[in-house]
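Student: Mind having a look at this structure? Questions to follow.
Each value in this text was obtained by applying a stated rule to the coordinates, not by laboratory testing. Keep in mind that this is a model prediction, so the values were computed, not measured. Using ideal geometry, Cβ is built from the backbone for each residue, glycine included, and neighbour counts are taken over all protein chains shown.
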Amino acid sequence: MSLFELSIPCAIFGSPRPEAATSWYDLTVSSTPGARVGAWFRVDGTRGLTELAAASTVVVPACDDAVEAPPPELVQAVRTAHERGARVASICTGAFVLAAAGLLDGRRATTHWSYAETLAQQYPGIEVDADVLYVDDGDVLTSAGQAAGIDLCLHMVRTDYGAATANSAARRLVVPPHRDGGQAQFVAAPMSTGGDHSLNGLLDWAIERLHQPLTVADLAREAGLSPRQLSRHFLAVTGTSPLQWLLTQRIRRAQELLETVHDNLDDIAAQVGLGTAATLRRHFNRRIGTSPDAYRRTFRSDPGIPEARSAD
C-alpha cells in the first residue's frame, strides 16, 4: 500500500476532534498478514480482517499492485461489511478492491485517472468517471488519487458532523475545507510553484468581504494589479477566474450558514453577497446539486429549531 493514501484516513478519522459535537470515530487499522506500506514499512499491531467486516465505515486505501487480483480474504471482508450495512469507501486504486467485491457493479465510480481505463476494462459493469475528484453513491464512495482522498474523507466528515467540524479538520491539515466531488481531477492551467504568491493577502481580504458586491476591478485595485494581470494570476494560482472563485467562496459560506444559523434565505443571500434568495437558490443548485432548503434540512446542526422562511 501507499504510505500517503494510508495516512489520510488515519489523520482525519484517527485524530481526536474536541470540537466535534458528538463522539468521534473509533479508528482501527486492519490488514491481511504480511501487509506492507511501500516497499519498506511493515504494518505492525494492526487488527485482523474480522474487525473490518464488523465496522460501520470501511476505507480501502490505494494498492500499489492494483491491477493484480486483491487477496480473496480482503475482498470477502469488504463484501461482508457492506452486506451488514457498512459505508464503504476507497481512495485511488482501492476502487479495485471494491470492484472485486462487486460493490461497484451498476454504479458510477472513480479512481486515479491513469488507472481508470484499466478499471473499466476489467469491470465493464462499472460506469467509470475519470474526470471527478470523488463520487458519493450513498453507501459506496470512491475517490481519485492522493489529495482527492483527503477531499473524500473530509466530505464524509462533513456528512457525519457538519461543515463546521469538517472545516476545523481541514484547517488542522492546512488544506481547502471543501472541493466539490465533481471538480476535475487535474487543472490544465499551470499552478503556482511557490507557496508565497501575490494573492496570499488578497484571498483573505476578499473572504472577509463576501457580503460586499466585489468586482474584478475591486480585487485588482486591492492587489495592485490591472484586471488583466489579476485574471492571469488567479488562473495560475486557483485554476479559475476571480469571479468564479468568489462565487465558490460565497456558496461555501452559504453552506456554513445554512447549517449553523436559522436566518431566512434572503438574509443569508445578503450575508454572502448574492443579493436575493432567488439568486442564492439558482447558484446553489447549480454548484451543489440541491436547493438551499433541502441542504438545510439535511445538514443543519440543530434540527429541533424551526427554520426561518424567506420572503417571496
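Student: Would you grab the residues whose amide H sits under 5 Å from the one on VAL59? Only those 5+ places off in sequence or on another chain, please, with H modelled 1.01 Å from N.
Tutor: Residues meeting the criterion, in which the H sits 1.01 Å from N, are ALA89.
Student: Moving to a separate point now. Could you go through segment 266-281 in sequence order and give the Karplus-derived ³J(HN,Hα) for each residue, using 6.51 cos²θ - 1.76 cosθ + 1.60 with θ = phi - 60°, rounded to whole Hz, and x for Gly and Pro?
Tutor: For segment 266-281, the Karplus curve yields 5, 5, 5, 4, 5, 5, 9, x, 9, x, 10, 4, 4, 5, 4, 4 Hz.
Student: Also, quick follow-up: Hey, how many Å between the Cα centroid of segment 223-249 and the Cα centroid of segment 108-161?
Tutor: 29
Student: Can I ask one more? Given segment 3-173, what percent of its DSSP beta bridges are antiparallel, to the nearest 5?
Tutor: Counting only bridges with both partners in segment 3-173, antiparallel ones make up about 35 percent.
Student: Further question on the same structure: Which order do TRP245, TRP205 fall in if you start with the one that has the fewest other Cβ atoms within 10 Å?
Tutor: Ordered from fewest to most neighbouring Cβ atoms within 10 Å, TRP245, TRP205 come out as TRP205, TRP245.
Student: Say R0 is 41 Å: what FRET efficiency, to the nearest 0.05, do ASP64 and ASN285 get from their beta-carbon distance? Walk me through the numbers before you get to the answer.
Tutor: Details: r = 41 Å, r/R0 = 0.99.
So the FRET efficiency works out to roughly 0.50.
Student: Mind sorting CYS153, CYS10, CYS92, CYS63 by how few other Cβ atoms lie within 10 Å of their own Cβ, fewest first?
Tutor: Lowest count first: CYS10, CYS63, CYS153, CYS92.
Student: Let me ask another. Under a plain spin-label model, where a point goes 7 Å from the Cα along Cα-to-Cβ, how far apart in nm are ALA217 and THR260?
Tutor: 3.4
Student: Can you compute the modelled spin-label distance between ARG171 and ASP137, with each label point 7 Å from Cα toward Cβ, in nm?
Tutor: Between ARG171 and ASP137, the label points sit 3.6 nm apart.
Student: Within 10 Å of each residue's Cβ, count the other Cβ atoms and sort HIS211, HIS283 from fewest upward.
Tutor: Neighbour counts put them in this order, fewest first: HIS211, HIS283.
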